[in-house]
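Novice: First, the structure itself, so that you have it in front of you.
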């Protein structure tokens, strides 16, 4: 039986395989039940141990909570980057494999869209999180294609704060430290390996990244460089604030739930402070966004693919088993297929207004 189960200690709740598959299917297919986020590196371990063969199709079972889908999209992108074929399974009937290789919802971005006239410097504080297995970049390629210099900054430049107040006072101290680093290194944007703060500083980077984004300094979570580059492109093309999101649920008709624990407060019409989802500590943001027109954007790490689609934000919600700001958007079935068969990694960026045409000129 070729069923492998991946789960993370970050999620303390009892977890079960989300649905049952016929024994005959399990005996003849490679199936991985991705139960939680933070499990992407465990998938690579399965490949290295010969338990998963990327020359054969891989089916990824997901649930609608605990960042199961987000991890699966990162894994599926890794599979695609290594010339494999895979599919995210939302239910037991979802067994038909599609190639997804020629999805028209993602395009080759133009050089004019990518390249900044003036050289910019972006800080990578602490390096990318270990689970971003499909979100790597070549620093020299980024400098050549986008005129952006990526500057590595040790995470110790932030964890030197030591253990801070667990509430807003500590969150503000992290923000103040990031502001110092922005000035010290002459940065126009940052991405932070924020999960390292949970065990060292004992608070989160959610407030700090929110405030930086509101101030016009693009700031991404988890050391995610492609998402930060996406934010830079969005800022250049539209000037809109960016909400970095995890896909959490996808329906075949194009309705999708996205969530994350931080966003610019300038995008919300109301908000409240709560705890960080995975850890239950520190300060995170539950924001309510206005309904209406938005654009979903993502640039690939090799800068060869760009997603830019107009969507509608239909409603907000709050469930305790997801990242704290949660929004339902309506796209097309084609966009849903993009996510389930050939996504550009996990994190995407949501901005106000319909701007897709501007990215495709």
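The values are calculated or read from the model by the stated rules, or taken from the named source; none is laboratory data. Since we're looking at a predicted model, the values are computed, not measured. So basically every Cβ, Gly included, is an ideal-geometry build from the backbone, and we count neighbours across all protein chains shown.
Novice: Is it fair to say residue 96 is farther than 14 Å from residue 305 by Cα, surrounded by fewer than 23 Cβ atoms within 10 Å (Cβ to Cβ), at pLDDT 90 or above and not assigned by TED's automatic domain parsing to the domain that holds residue 23?
Specialist: no
Novice: Are any residues in segment 15-28 surrounded by 15 or more Cβ atoms within 10 Å (Cβ to Cβ) and either within 12 Å of residue 4 (Cα to Cα) or in the same structural domain as residue 129 (by TED's automatic domain parsing) (or both), and if so, which ones?
Specialist: 26
Novice: Looking at (1) buried (at least 19 other Cβ atoms within 10 Å of the Cβ); (2) more than 14 Å from the chain's Cα centre (by Cα), can you tell me which one residue 356 breaks?
Specialist: Among (1) buried (at least 19 other Cβ atoms within 10 Å of the Cβ); (2) more than 14 Å from the chain's Cα centre (by Cα), residue 356 violates only (1).
Novice: Another question, then. Return the residue satisfying two criteria in turn: it lies in segment 45-55 and is over 13 Å from residue 84 (Cα atoms) and in contact (Cβ under 8 Å) with a residue 12 or more places away in the chain, and of such residues it is surrounded by the fewest Cβ atoms within 10 Å (Cβ to Cβ).
Specialist: The extreme case among them is 51.
Residue-wise test of (1) in the same structural domain as residue 300 (by TED's automatic domain parsing); (2) free of Cβ contacts under 8 Å to residues at least 60 places away in the same chain; (3) under 21 Å from the mean Cα position of the chain (by Cα).
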residue: 127; (1), (2), (3): yes, no, yes
residue: 136; (1), (2), (3): yes, no, yes
residue: 163; (1), (2), (3): yes, yes, no
residue: 167; (1), (2), (3): yes, no, no
residue: 180; (1), (2), (3): yes, yes, no
residue: 185; (1), (2), (3): yes, no, no
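Novice: Looking at 151, 158, 190, which one is buried (at least 19 other Cβ atoms within 10 Å of the Cβ) and over 24 Å from residue 286 (Cα atoms)?
Specialist: Sole residue among the options that is buried (at least 19 other Cβ atoms within 10 Å of the Cβ) and over 24 Å from residue 286 (Cα atoms): 158.
Novice: Say we look at segment 60-83 and pick out the residues that are free of Cβ contacts under 8 Å to residues at least 40 places away in the same chain and assigned to a helix (DSSP H, G or I); which of these is nearest to residue 346 (Cα to Cα)?
Specialist: Among residues in segment 60-83 that are free of Cβ contacts under 8 Å to residues at least 40 places away in the same chain and assigned to a helix (DSSP H, G or I), the one nearest to residue 346 (Cα to Cα) is 72.
Novice: In the list 72, 66, which residue meets the criterion of being in contact with a strand residue (DSSP E or B) (Cβ under 6 Å, 6 or more places away or on another chain) and not assigned by TED's automatic domain parsing to the domain that holds residue 248?
Specialist: The match here is 72.
Novice: I've got another one for you. Return the only residue of 31, 58 being surrounded by 15 or more Cβ atoms within 10 Å (Cβ to Cβ), at pLDDT 90 or above, touching a helix residue (DSSP H, G or I) at 6+ places or on another chain (Cβ under 7 Å) and closer than 21 Å to residue 94 by Cα.
Specialist: Every option except 58 fails the conditions.
Novice: Return only the number of the condition from (1) in the same structural domain as residue 221 (by TED's automatic domain parsing); (2) touching a strand residue (DSSP E or B) at 6+ places or on another chain (Cβ under 9 Å) that residue 117 does not satisfy.
Specialist: Among (1) in the same structural domain as residue 221 (by TED's automatic domain parsing); (2) touching a strand residue (DSSP E or B) at 6+ places or on another chain (Cβ under 9 Å), the lone unmet condition for residue 117 is (2).
Novice: Then there is this: Name the strands (runs of 3 or more DSSP E) wholly inside segment 229-344 in which the number of residues that are modelled with pLDDT of 95 or more and more than 20 Å from residue 69 (Cα to Cα) is 2 or more.
Specialist: Per the criteria, 270-274, 284-288, 292-299, 306-317.
Novice: Out of 204, 230, report the one residue that is under 30 Å from residue 295 (Cα atoms), under 13 Å from the mean Cα position of the chain (by Cα) and in contact (Cβ under 8 Å) with a residue 24 or more places away in the chain.
Specialist: The match here is 230.
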